[in-house]
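A.B. asks: Below you will find the structure I want to go over with you.
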Amino acid sequence: MSNLAQADEMLFADDELEQPSNRQEETWKILIVDDEPEIHAVTKLALSGFSFADRDLEFHGALSGKEAKELLVEHPDAAVILLDVVMEDDHAGLEVARYIREDLKNNRIRIVLRTGQPGQAPEKAVIRDYDINDYKEKTELTSQKLYTLMYSCLRGYRDIKTIEDNKRGLEKIIEASASIFEPQSMEKFAHGIMEQLTSLLHLDDEAVFCQTSGIAAEGDENDLRVLVGTGDFETSVGEDAGSIIPPQTYQSLTEGTRNHRHKLDQGEYTSFFKSRSGVGNLVHLNGLGDLTDVDNRLVDIFSKNVGIAFENIYLRQDIEDTQREVVYRLGEAVETRSRETGNHVKRVAEYSRLLALGMGFSETEAEIVKLASPLHDLGKIGIPDAILNKPGPLTPDEWVIMQTHAKMGYDLLKDSKRPILQAGAIIANEHHEKWSGGGYPHKLVGEDIHPYGRISALADVFVALGSDRCYKKA
């Protein structure tokens, strides 16, 4: 053994090749694969003190192709592999190179083949047939050339990683945007934004999400109240958002703007956007860790989508509020005409929702039943006042006329394409059917009666039993 090799062996006597570094800060992982231990030692010595982009090197070693494959599985985030060609056999290194690209599907790691026997694997053939990044003779790799090689490889790895992170981030944006565009309440929308942003800014699967805290606030830009809070802000619901986030950030985002603005700095994200109707919405997250240029670009794209979703949520809510108001006003118009107890339709609506949930309906469908149930007596607008408000019992002929209100209500609503009005048509038509078959207008029996009709019938009768009418006491 040469004096240099002996010196290297002494210098690195306590360094086990397979042991990872104990360093806690972020490093570039370099894999050295060679069947000569002195090559490991010399390489480490030559690269001692090397750093790139403020990150040092972390070395891991293997003495054979078999060990190299195990090392690659253990360290999928390795940036560079310095790979000997001839080890346990003449092509062990080439097999490892093929294993990296074809079996592990790892296109990020930079592969540098090193050989002490150039004739064993001709350079042109190796470069042509294997997806490697460089091919060097061991005698070429002086300290200066190793430095140059490492800069080149790490720049390539960094750029590929950046591209992949962008790609993964854009995929997450598409996925997240699809999620936040789904119909939902403003509270769920706000929760969704915070969850998706946290996920987007922690592309690393090992990131700890639970350290992130956030709020979503809504209201006038001069009085934004916390709508939902997570982490440290879980108990902040109802508080003034301006008292929670940094004052300068709050002022710069909310003052004199109707545009969507966001600020991402020092592990904190704050976004403010305002609807056309003047309602402001603010999202603030902290504890996100170090944020990169990639993070900034991804958040910028995501924030624009959030702004569109925010506007759509308010438009949808406005439409739903309009529908709800129209339905209630129609119900109240019938209620007023038939001189029934005040708020009868609203009580029927609330009971209908509770019964629907009790039957296992989803929140969405239960809400439809609630909004449609006030239309149960819509057909009464076609019943003469003398019959509708008669204080005593109806004659057989009057009873026949009264029964027509079910079909009248159905005929008024049946052609609508809106889910609420479609449900209203069913309810108007079937809310006087009875389980035993003695109801009207179709004398349906048992489960032939639509659940909407059964629910509204129970709710209507229950409310009526507790209310004074022109023909009876509560």
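Every read-out reported here was derived from the displayed coordinates using simple, explicitly stated rules and does not represent laboratory data. These figures come from a predicted structure and were not determined experimentally. A quick note on method: Cβ atoms are made from the backbone with ideal geometry, for glycine too, and the neighbour counts reach across all protein chains shown.
A.B. asks: Amide H to amide H under 5 Å from residue 136: which residues, 5+ apart in sequence or cross-chain, H placed 1.01 Å off N in plane?
C.D. replies: 113, 114, 115
A.B. asks: Are there trypsin sites (Lys or Arg not before Pro) in region 50-125 that DSSP marks as loop and that have at most 13 other Cβ atoms within 10 Å, and which are they?
C.D. replies: Numbers: sites: 55, 66, 69, 98, 101, 105, 108, 110, 114, 124; in loops: 105, 108.
Loop-located and lightly packed - 105.
A.B. asks: Work out from phi, with θ = phi - 60° and the Karplus expression 6.51 cos²θ - 1.76 cosθ + 1.60, the ³J(HN,Hα) of each residue of region 381-397, listed in order in whole Hz, and give x for Gly and Pro.
C.D. replies: Once θ is set to phi - 60°, the couplings for region 381-397 become 5, x, 8, x, 4, 4, 7, 4, 10, 5, x, x, x, 7, 6, x, 5 Hz.
A.B. asks: List every residue whose amide H lies under 5 Å from the amide H of residue 56, counting only residues 5 or more places away in sequence or on a different chain, with H placed 1.01 Å from N in the peptide plane.
C.D. replies: Under 5 Å from the amide H of residue 56 lie the amide H atoms of 28, each far enough along the sequence or on another chain.
A.B. asks: What FRET efficiency, computed as 1/(1 + (r/R0)^6) with R0 = 51 Å and r the Cβ-Cβ distance, is obtained for residue 316 and residue 77, rounded to the nearest 0.05? Spell out each step's value before the answer.
C.D. replies: Details: r = 43 Å, r/R0 = 0.85.
After rounding, the FRET efficiency stands at 0.75.
A.B. asks: How high is the relative contact order of region 61-116, given as a whole-number percent (alpha carbon pairs under 8 Å, six or more residues apart)?
C.D. replies: Rounded, it is 40 percent for region 61-116.
A.B. asks: On to the next question. When you count, for each residue, the other Cβ atoms within 10 Å and take the mean per peptide, how do 371-377, 441-447 rank with the highest first?
C.D. replies: Values: 371-377: 27.9, 441-447: 13.6.
Ranked from most to least packed, the peptides come out as 371-377, 441-447.
A.B. asks: Still on this structure, please answer the following. From largest to smallest, what semi-axes in whole angstrom does region 35-101 give when each is the square root of 5 times an eigenvalue of its alpha carbon gyration tensor? Intermediate values should be presented prior to the final figure.
C.D. replies: Values: eigenvalues 97, 46, 17 Å².
Three semi-axes, in Å: 22, 15, 9.
A.B. asks: Between Rg and the Kirkwood Rh of region 368-474, both from Cα atoms, what is the Rg to Rh ratio?
C.D. replies: On the way: Rg = 13.7 Å, Rh = 14.2 Å.
Here Rg/Rh amounts to 0.96.
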